[in-house]
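Colleague: I have a structure here, written as structure tokens, and I will follow up with some questions on it.
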Amino acid sequence: MSTQIILKVLALRHRLRQRDRWTRRQLEAHQTRELRLLREHTYAHSPFYGRFYKGVADSPLDGLPVLTKEMVMEHFDELVTDPTVRLADVEAHLATLSGGDELFNGRYRVASTAGSTGRQGLFLWDPGEWVTVLASYNRSFDWAGVGAGLTRRTRMTVVSSTTPWHQSARVGASVHSPWVPTLRIDSGDPLENIVERLNGFQPKVLAAYASMAHLLAEEQLAGRLHISPSFVFGSSEVFTEQARRHVEEAWGRKSFEVYAATEPAGIASECDLHSGMHLFEDLVITEVVDEDNMPVPPGIYGEEVLVTVLFSRTMPLIRYEMSDSVRPASSPRCSCGRPFALIDGIQGRAEEVLRLPAASGGQIAVQPIVFHRVMDAVPAGGWQVAQGPEELTVLLSGVREGFADATLIDSLRRELKAQGALMPSVKVRRVQTIPRAAVGKAPLIKSDLTGREMLRRKP
Ligand SMILES: [Zn+2]
């Protein structure tokens with residue numbers, strides 16, 4: 001669609017590339033300046049922050065209180081800096097999205113996220129912010145060495161959510177252009193169908209949720225998938241060692257891990273030296289913290305991540321909490337010379353692969369995306385799938401009136417059958433809030449079974 005947007009993204013990409021050659025000192029000066037501008041704008045235009053920061057408005061960043069998604073949603077109308085933006089109207093707009101590049105109030109792009117606490121969040125970006133979102137996603141391709149970026153005709157396949165209110169679908173709708181022939185596949189489609197379409201399209205770049213990249217590598221190794229991508233990107237989920245190994249075995253090249261989320265867009269990404277992921281510190285300040293919100297030392301996994309999105313203006317996000325557990329690298333510098341610090345592990349997007357009895361006997365591993373696919377279609381504020389010894393329990397909070405649990409159970413049955421799993425006994429419970437675990441996390445998909453219990457289970 002919009003050539004104008006693509007030109008702006010290209011211009012920004014040029015500026016972002018120059019930052020690869022900055023010194024650490026230049027980067028820090030830039031961060032300081034951007035943070036000051038963000039705080040000035042926020043204090044001037046967001047009534048919520050005025051109250052939230054009462055008495056601490058002048059503190060350094062690490063002295064400011066942590067912002068949660070629950071707070072963002074609860075105080076939405078006062079948090080946004082455009083007084084004409086109202087949550088009720090944004091929700092109504094969201095319901096009308098049909099996969100195009102639709103704008104709210106003629107100006108904003110909107111996306112929603114369930115995120116790792118299961119509570120739905122709504123986020124919006126003005127045209128300038130959106131260009132930065134697009135450029136930030138493009139940076140991952142750029143750092144990997146996909147020379148084409150947005151201009152040369154590189155065949156790309158993105159296997160992710162095509163649900164119209166997901167940010168990945170919004171990004172796809174914005175950059176759709178004849179320059180980048182892109183095949184977008186919904187990760188919820190049956191695997192055979194995905195394989196068939198990939199065989200037909202023969203992408204040079206494959207970008208997928210990490211668990212999907214893994215499944216596709218296994219399909220290639222099994223001889224059903226026949227593609228030869230030059231670049232494979234895995235995002236949005238933990239990219240396990242095994243998944244990486246299989247990708248390398250399947251296509252003879254190392255995969256690139258991308259750490260991104262709806263709210264900040266790109267957070268970190270690998271360069272072609274694969275020595276960890278460089279944080280996008282010029283766009284987002286990422287604090288890796290323990291349970292007391294104190295920074296963790298290099299080499300240690302944090303409990304969560306606090307992001308300050310330096311380019312956020314419509315919805316300022318300062319020390320916004322994300323329940324990902326990441327590890328700052330022990331050796332913070334990469335020989336590529338980029339000034340951006342490294343993280344070398346993500347262990348928690350806090351989701352588990354569940355093992356269920358298989359129709360053909362034995363057990364089968366059901367990937368998180370299978371449940372996402374079902375739950376994405378449920379009009380609930382929050383959800384959690386928990387596996388117990390006898391049954392699966394699906395918790396739902398804030399369910400829209402008129403939704404029947406039977407619909408959910410039906411689609412779960414269909415999906416699990418397509419995976420080759422036997423339908424377990426499923427209990428749906430409506431709850432006020434999704435409970436958090438002792439560490440404060442509320443994983444979307446979890447198993448309460450210990451390893452031994454799993455072994456004991458009869459298929
Ligand atoms: Zn590097």
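The values are calculated or read from the model by the stated rules, or taken from the named source; none is laboratory data. In this text, all values refer to a predicted model and were calculated from it rather than measured experimentally. For neighbour counting, all protein chains shown are included, and Cβ atoms are generated from backbone atoms with ideal geometry for every residue, glycine included. The protein model used for the area step is the full one, side chains on, heavy atoms only, and it has no ligands, DNA or RNA in it. Shrake-Rupley method; radii C 1.70, N 1.55, O 1.52, S 1.80 Å.
Colleague: Which of the peptides 268-275, 213-220, 93-100 is most tightly packed, and how do the rest follow, going by the mean number of other Cβ atoms within 10 Å of each residue?
Modeller: In decreasing order of mean packing, 268-275, 213-220, 93-100 become 213-220, 268-275, 93-100.
Colleague: Would you please calculate the Kirkwood hydrodynamic radius of the range 312-351 over all C-alpha pairs and express it in Å, rounded to one decimal?
Modeller: 12.6
Colleague: With label points built 7 Å along Cα→Cβ from the Cα atoms of residue 426 and residue 403, find their separation and express it in nm.
Modeller: 1.3
Colleague: Would you mind checking which residues have amide H under 5 Å from residue 67's amide H? H placed 1.01 Å from N; only 5 or more apart, or other chain.
Modeller: Those qualifying (amide H under 5 Å, at least 5 residues apart or on another chain) are 320, 321.
Colleague: Right, another one. Rolling a 1.4 Å sphere over the protein heavy atoms, what is the accessible area per residue of the chain, to the nearest Å²?
Modeller: For the chain, the solvent-accessible area averages 43 Å² per residue.
Colleague: Obtain the nm distance between the two label points defined at residue 336 and residue 66 by a simple spin-label model: each point lies 7 Å from its Cα along the Cα-to-C-beta direction.
Modeller: Between residue 336 and residue 66, the label points sit 3.0 nm apart.
Colleague: Please give the peptides 196-204, 311-319 ranked by average Cβ packing (other Cβ atoms within 10 Å per residue), highest first, as a rough proxy for protection. Could you put the intermediate results ahead of the total?
Modeller: Numbers: 196-204: 15.7, 311-319: 22.1.
Most protected by this proxy first, the peptides run 311-319, 196-204.
Colleague: Here is a follow-up. On the full set of protein chains, 1.4 Å probe, figure out the accessible area of residue 125 and give it in Å² to the nearest 10.
Modeller: For residue 125, the solvent-accessible surface is approximately 10 Å².
Colleague: Under 27 Å between alpha carbons: how many lysine pairs meet that in the chain, if sequence neighbours fewer than 8 apart on the same chain are excluded?
Modeller: Pairs that pass both the separation and distance tests number 12.
Colleague: Per the Debye formula with a single identical scatterer at each Cα and no solvent contribution, what log10 I(q)/I(0) holds for the range 217-291 at q = 0.22, 0.24, 0.27, 0.28 Å⁻¹?
Modeller: The calculated log intensity ratios at q = 0.22, 0.24, 0.27, 0.28 Å⁻¹ are -1.01, -1.12, -1.28, -1.33.
Colleague: Tally up the carbon and sulfur contribution to the accessible surface of the chain as a whole percent, 1.4 Å probe, everything protein left in place.
Modeller: C and S fraction of accessible area: 51 percent.
Colleague: Ok, one more. How big is D, in µm² s⁻¹, for the chain by Stokes-Einstein at 20 °C and 1.002 mPa s if Rh is the Kirkwood radius over C-alpha pairs? Walk me through the intermediate numbers first.
Modeller: On the way: Rh = 22.9 Å.
Rounded to a whole number, D works out at 94 µm²/s.
Colleague: What helices in the chain pass both tests, a Cα length along the helix axis of 20 Å or more and a mean Kyte hydropathy of -0.5 or higher, using whole DSSP H runs?
Modeller: Length and hydropathy pass: 3-19, 127-144.
Colleague: Rounded to two decimals, what ratio of Rg to Rh does the range 265-323 give with C-alpha atoms and a Kirkwood Rh?
Modeller: Expressed as Rg/Rh, it is 1.00.
Colleague: Further question: Please report the projected area of the range 27-103's Cα convex hull averaged over all directions, in nm².
Modeller: Numbers: hull surface 28.0 nm².
Answer in nm², one decimal: 7.0.
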